Amino acid sequence: MTVGAEAKQTILIIDDSEDDRDVCERLLRNDPHISQILKAETGKQGIGLFETVHPDCVLLDFNLPGHDGLDVLRRIRALNDSASVVMLTGEGSEDIAVAAMKAGASDYVVKDSLSTIGLRRAVTNAIDKTALQRKIASQQEEQRVFLRTLLHDARAPLRHISDFSQLITEDIEAGNYDEMPEYCGDLQIATKRIEDLLDTLASYALAETDVTFEPVDMNVVMKAVIANLSHRIEERQAVVRSDTLPIVKGHAPQMIQLLQNLVGNGIKYCKADKPAIEVTVNASDADDVCRFKVQDNGIGIPADKLSCVFQPFKRLWSHDVYEGTGLGLAICQKIIKRHGGTIWCESEDGQGSAFFFTLPRAGAMREDQRMAS
Ligand code: ADP
């Protein structure tokens, strides 16, 4: 896998031997991914350059006068714990190589057997490894935030259930049944909130699983969405209409989930007597990508909140005003990402919202993919 190999890279060579610095530079000079090669002859100079230039990869000689290479490596890692460093060692110095890797070097190369292919490979691998580590760290952080918010959101209805059960028990003991129907209603609301949270969590997890893409008729998807939302459409006297929609390359259940979340939100976040939701598409037969638009006449979203509504659990209203889990749009974003598209929103406070997303047209599928599906 090549991560981050597209951008032009800056390489810093730290080596006290001018000959060795020149050899490294010569071997890397014609690499099309490298835009800049900087050289330092002491550890101090190298650390200074590292701090100001932030190179993508450091080639670091193990035997530096004054500082030893491991010391420089540690200082570099203290400045940036995910820096890519390839240690340059002498022949037969496996112990040094092991020590360097333990101290956080991404890789090592033996100076006496330097080759263009070997050195470039070491640099590319080191940069890829760092990019991958950063990606994993950011995913782990995302998961931590997700879990923290989930636990917080699940605790509130659980606390309500516990509180109302306590009140019911006390009232039964006191022979007071006046407020029983109200407490039981509140218990049901809190239980429903947990049920909704679990259902949406299952959808969120499913949006990550591997699915097969096949031609999906979005008109059929639209019919399923209207059938699934029929109760809410009737209740709110909503009008849901759509263009003749194209056949896209996708996963039908996820397409239903996507449009259902967007149309459902259009009905929910609306104060008009008749919510009006329109699903249109902007694509000619020649286009490989179709751009869909789901327009509503609802309460709108303030401009500064447009990007954050796609974050998991991000809600602009409390439960008492509009119920929900805050995962609907995060699921839509995951689904669209899996399908290679993008999703965004345009809206103004009080002016209705337009959600846009792109999907590949089924015509863009290769013949063998069609046969397989
Ligand atoms: P939920 O509806 O469960 O809260 P979503 O992820 O679907 O979660 O939406 C996140 C937030 O974005 C909602 O809480 C709401 O504040 C806002 N939002 C989503 N869709 C709309 C819409 N069509 N009109 C106005 N606000 C919306």
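A compact table of results
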read-out: Dipole in debye (nearest 20) - the range 219-309, about Cα centre, beta carbon charges: Lys, Arg +1; Asp, Glu -1; value: 260
read-out: Mean accessible surface per residue for the chain, computed with a 1.4 Å probe while every protein chain stays in place, in Å²; value: 55
read-out: Dimensions in Å of the range 241-333 - Rg and Dmax from alpha carbons; value: 14.4, 47
read-out: The range 73-165: equivalent-ellipsoid semi-axes (sqrt of 5 x gyration tensor eigenvalues, Cα, Å); value: 47, 13, 9
read-out: Square roots of five times the Cα gyration tensor eigenvalues for the chain, Å; value: 55, 30, 17
read-out: For the range 245-326: relative contact order, % (alpha-carbon pairs under 8 angstrom, 6 or more apart); value: 24
read-out: Carbon plus sulfur fraction of accessible area for the chain, probe 1.4 Å, in percent; value: 50
read-out: Reciprocal mean inverse distance between Cα atoms of the range 162-276 - Kirkwood radius, Å; value: 17.4
read-out: Among the listed pairs 44/111; 271/293; 249/293; 274/334, those beyond 19 Å (Cα-Cα); value: 44/111; 271/293; 274/334
read-out: Burial order of peptide ranges 43-50, 340-347, 167-174 (average beta-carbon count within 10 Å, highest first); value: 43-50, 340-347, 167-174
read-out: Shape box of the range 1-125 [Cα atoms, principal axes, largest first, Å]; value: 34, 31, 29
read-out: In degrees, nearest ten, helix 252-268 long axis to first principal axis of the chain (Cα); value: 60
read-out: Angstrom value of the Kirkwood radius, inverse mean 1/r, which spans all Cα pairs in the range 147-201; value: 12.0
read-out: Helix 218-228 axis, angle to the chain major axis (alpha carbon atoms, nearest 10°); value: 50
read-out: Folded to 0 to 90 degrees: helix 328-338 orientation relative to the chain principal axis, Cα; value: 50
read-out: Those GluC sites (Glu not before Pro) in the range 34-98 that DSSP places in a loop and that have at most 13 other beta carbons within 10 Å; value: 91
read-out: Positive-end residue, the chain charge dipole about Cα centroid, Cβ charges, pick of 184, 221, 23; value: 221
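The values are calculated or read from the model by the stated rules, or taken from the named source; none is laboratory data. Predicted, not measured: the structure shown is a model, and the values here were computed from it. Note that each Cβ is placed from the backbone with ideal geometry, even for glycine, and that neighbours are counted across all protein chains shown. The protein model used for the area step is the full one, side chains on, heavy atoms only, and it has no ligands, DNA or RNA in it. Shrake-Rupley method; radii C 1.70, N 1.55, O 1.52, S 1.80 Å.
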